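Take a look at the structure set out below.
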Amino acid sequence: MPAPVFISLNKEEDSTLYELSVANGVPRRTKLRAIALRLNANGWTVPKIAAHLQQSEQTLRQTLFRWHRGLVGLWEAAGRGKKRCWQEADLKAVEEWLEEERSYTSRQLS
């Protein structure tokens, strides 16, 4: 059985994490990490947080250890996700086509 992991937050950190958890435009994973950190700082154990947020205990432990890097640890590392397949020239061409009087289907635009 893993050792209990607890963090402590000062008022400023707690306020910042709260703002992240309710802000628009913040990725869902980042919001969940902020919520998990606040719950852990308020005395919740990892298994209890995992059940509440429907995540694995290991994921939550990783989040708690990522907190040692500060707020930067809450976001995904660069290079995650699908790479862009459209170039800037492609986007400009589509914008030009959309300004024309003619109508296009989505298939024609792609």
*Search result, residues across segment 55-84 that are aliphatic (A, V, I, L, M) and surrounded by fewer than 10 Cβ atoms within 10 Å (Cβ to Cβ)*: V72, A77, A78
*Based on what the data block shows, is Q87 within 30 Å of Q108 (Cα to Cα) and surrounded by fewer than 10 Cβ atoms within 10 Å (Cβ to Cβ)?*
yes
*Under the condition of being under 16 Å from R69 (Cα atoms), outside any helix (DSSP H, G or I) and touching a helix residue (DSSP H, G or I) at 6+ places or on another chain (Cβ under 9 Å), which residue from segment 6-32 is modelled with the highest pLDDT?*
L9
*Could you list, in sequence order, the residues of segment 48-103 that are assigned to a helix (DSSP H, G or I) and farther than 30 Å from A36 by Cβ?*
E88, A89, D90, L91, K92, A93, V94, E95, E96, W97, L98, E99
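The values are calculated or read from the model by the stated rules, or taken from the named source; none is laboratory data. No experiment lies behind these values; they were computed from the predicted model shown. Don't worry about glycine lacking a Cβ; one is built from the backbone with ideal geometry, like all the others, and counts go over all protein chains shown.
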